[in-house]
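The values are calculated or read from the model by the stated rules, or taken from the named source; none is laboratory data. Since the model is a prediction, treat every value here as computed from it, not as a measurement. Please note: Cβ atoms are built from the backbone with ideal geometry, for glycine as well, and neighbour counts cover all protein chains shown.
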Amino acid sequence: MLTRPALLFALCFALTFSFTVAASAQAQESPSAPVPAQLVTAGKIFISNAGGDIDPNTRRLGEFLGLPIRPYNEFYAAMKSWGRYQIVSAPSDADLIFEISFSVSLATGGADAKFHLVILDPKTHVTLWAFTEYIENAILGSNREKHFEQGMESIVADAKSLSTFSAPAPAKN
């Protein structure tokens, strides 16, 4: 005969398993929303430096090295080394505009730092997609720099994730 703790464990396991199966089935049934075609077909991009927000309380960009140009330079270099897109020097020559920014503001318990990447259609100026990556707070400068680099890697990975989209299906009448 099962002891009470063993019976409770078996019941919890069964409930967890049934919720996982139900959630998985529901996720498989919901259709994917279409993605803008430009995200799949683009070959040329323009990278725009949207700069950073200065914290109104401190009137500075934060305690990160190389600001305000560093996020743009590092993002540009990462996208260039990836080689998926041809980077053009004028927005009018691009299929997409990747607008990168970095901001720091004081929050309760420390600084709130984040990267923001907006992907725009250069013809209509409509936002097609956007990503935000927050950076973990750190007191030591070396940890701050490590978190900055981790955040940059994450925002670049977000941009690269666009290549996993498939072309949208033709509209049905």
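Just a few scattered comments:
- The range 133-159, residues that are part of a helix (DSSP H, G or I), small (Gly, Ala, Ser) and free of Cβ contacts under 8 Å to residues at least 60 places away in the same chain: 142, 151, 154, 157
- Look at the range 64-93: where a residue is under 18 Å from residue 152 (Cβ atoms) and a partner is among the hydrophobic types (A, V, I, L, M, F, W, C) and modelled with pLDDT under 95, sitting 6+ places away or on another chain with Cβ atoms under 6 Å, you get 64/148; 67/61; 68/61; 71/102.
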